[in-house]
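Data first, discussion second: the structure below is written as structure tokens.
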Amino acid sequence: MEKVRIIEVKESIFADNDREAERIRLQLKQEKKFLLNLMSSPGSGKTTTLIRTIEALKDEFRIGVMEADIESSVDAEKIAATGVKTIQIHTGGMCHLDAGMTEQGLKELGTEDLDLVILENVGNLVCPAEFDTGAVKNAMILSVPEGHDKPLKYPLIFTVCDVLIINKIDVLPYFDFDLEKVREYAQMRNPNLKIFPVSAKTGEGMDDWNSWLRQQVNDWIQ
Amino acid sequence: MHELGIVFHIIKTIERIGDENKLIKVSEVTLELGEVSGVIPNELCDCWNWAVKKTERMKNAKLLIEKIPALTFCESCKETYATVQYGRICPFCRSEMTYLVQGSEINLKEIKAC
Ligand SMILES: Nc1nc2c(ncn2[C@@H]2O[C@H](COP(=O)(O)OP(=O)(O)O)[C@@H](O)[C@H]2O)c(=O)[nH]1
Ligand SMILES: [Mg+2]
Ligand SMILES: [Zn+2]
């Protein structure tokens with residue numbers, strides 16, 4: 001009979017994933033590649049914003065996209081139409097991507113000839129926030145129709161993100177959405193959060209967001 | 001599904017620890033689960049019982065859950081109160097300047113094995 005042992009672990013179940021993510025980030029730094037993780041609820045405008053950003057930056061950076069939003073493969077086709085390299089990551093019904101799946105995706109995409117990779121994460125505000133993907137920066141989109149109290153309902157995602165894009169500001173007149181309240185609530189959770197109000201539809205505000213991203217990529221890959 | 005993803009991560013972590021410690025059979029796994037971790041204990045156990053059957057080492061492992069109550073601290077009056085009962089507005093001074101001090105944990109506490 002083997003002796004029964006008790007092994008004390010006392011660690012978050014995300015710890016292994018965090019270590020894997022850190023390793024991916026180190027490798028991205030060595031290889032001079034920038035990975036952006038883009039998160040939001042379904043329909044907030046990830047794909048639409050991405051297409052605008054690709055159009056603005058594709059002459060400066062070699063861009064690739066990993067599409068993990070399970071809703072449809074239409075997104076991947078729309079992005080492929082911009083001419084950048086795109087793959088669809090199959091999450092197997094999972095509600096998030098972890099570091100291992102992201103690394104698998106990067107291999108499949110092939111990053112040798114890329115500077116900037118954008119990951120469109122699975123559409124929800126809970127699970128993707130818990131799993132570090134290894135991305136250099138994390139951005140989330142909150143759209144006007146979703147309401148300004150989201151930072152209170154989903155605090156974690158606001159603390160892990162570097163950027164909050166507030167999308168669909170073209171419909172502000174039709175919604176009871178208080179931009180100042182979002183700023184207040186979101187920065188209460190994360191004082192360093194950068195906030196960019198945009199309309200991916202009209203293009204309003206997109207320049208500020210694109211400039212921020214351009215700066216981040218240049219700082220990382222130089 | 002959220003709980004299944006969580007279970008896969010726990011299993012992966014235990015497999016790693018099992019390799020490092022040369023464990024043959026795991027009989028019990030204790031998890032600390034915060035009250036507002038977003039994980040539903042019953043669903044977690046269902047997923048656990050289904051998923052461990054596919055492993056050699058954890059086939060019959062029991063999952064024990066120790067709950068951690070959620071507590072919120074108020075910046076304004078420095079009081080601590082029960083999060084689930086009162087939410088994000090301080091019941092002592094009505095301030096919104098509050099933050100969670102515990103209750104979001106999903107920790108692997110210990111493993112019983114041979
Ligand atoms: N009015 C308005 N609609 C938008 C804007 N951005 C995206 N949409 C629409 O919102 C819907 C969802 O957008 P999509 O980019 O697919 O969201 P995703 O699920 O986050 O990728 C589509 O019908 C878009 O046309 C915007 O800035 N203003
Ligand atoms: Mg999309
Ligand atoms: Zn108070």
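Rule-based calculations on the coordinates, nothing more; no lab input. The shown structure was predicted, so the numbers you read here are calculated from the model rather than taken from an experiment. Heads up, the Cβs are rebuilt from the backbone with ideal geometry, glycines too, and the neighbour counts pull from every protein chain shown.
Annotations
- Checking every one of the trypsin sites (Lys or Arg not before Pro) in the range B:24-86 against DSSP loop status and a limit of 14 other Cβ atoms within 10 Å picks out B:59, B:78.
- Protection proxy ranking, peptides A:77-85, B:92-100, average beta carbon neighbours within 10 Å, highest first: A:77-85, B:92-100
- The Cα atoms of chain B cover 54, 27, 16 Å along the three principal axes, with the biggest extent listed first.
- Per residue of peptide A:11-18, the mean number of Cβ atoms on other chains within 10 Å of the residue Cβ is 6.
- Oblate is the label for chain A, because a/c, from the alpha-carbon gyration tensor with a ≥ b ≥ c as root eigenvalues, is 1.5 or above and a/b does not exceed b/c.
- Cα gyration tensor shape for the range A:1-104, rounded if a/c is under 1.5, else prolate or oblate: prolate
- Karplus-derived 3J(HN,Hα), 6.51/-1.76/1.60, for each residue of the range A:182-198, Hz, glycine and proline x: 4, 3, 4, 5, 5, 6, 5, 7, 8, x, 8, 4, 8, 10, 10, x, 9
- Applying 1/(1 + (r/R0)^6) with r as the Cβ-Cβ distance of residue A:201 and residue A:113 and R0 = 30 angstrom yields a FRET efficiency of 0.40.
- Flagged links, alpha-carbon separation over 23 Å, of A:3/B:59; A:107/A:168; A:10/A:153; A:29/A:58; A:3/B:109: A:107/A:168; A:10/A:153
- Each Lys and Arg adds +1 at its Cβ and each Asp and Glu adds -1 at its Cβ; summed about the Cα centre, the protein assembly as shown shows a dipole of about 720 debye.
- Amide H within-cut-off set for residue A:117, under 5 Å, with H built and near neighbours excluded: A:34, A:35, A:36, A:64
- Derived scalar couplings between HN and Hα for the range B:37-42 equal 6, x, 9, 8, x, 4 Hz in order, rounded to whole Hz, by the Karplus curve 6.51 cos²θ - 1.76 cosθ + 1.60 (θ = phi - 60°), x for Gly and Pro.
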